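Undergrad: Let me give you the structure first, and then I'll get to my questions.
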Amino acid sequence: MENEIRCGQCGRKLAEGQYLTLHIKCPRCRAMNHFKATSHTPEHQGVPDRTRPDAKPTDHSVARR
Ligand SMILES: [Zn+2]
């Protein structure tokens, strides 16, 4: 599958192909375009509770003999 990569400002076609992240400068309007493929990254979809770091060691009178 080929994706068209267009400038977000002037709409000029900059490239085509596949990318994960892409920084490309438009030669026409000189705008920096940042593209990021977020199609197959499962970010909080149907996951209500995230893993929070609550495994914090309590430091009261464990060592110190
Ligand atoms: Zn442009």
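Since every read-out is calculated from the coordinates, none of them should be taken as a lab result. Predicted model, so just to flag it, every value in this text is computed and none were measured. Counting neighbours? That spans all protein chains shown, and the Cβs are built from the backbone with ideal geometry, glycine included.
Undergrad: By average Cβ neighbour count within 10 Å, what is the ranking of 26-36, 5-15 from highest down?
TA: Numbers: 26-36: 12.7, 5-15: 14.5.
Final packing ranking: 5-15, 26-36.
Undergrad: What is the distance, in nm, between label points placed 7 Å from the Cα along the Cα-to-Cβ direction at residue 22 and at residue 34?
TA: About 1.7 nm, to one decimal.
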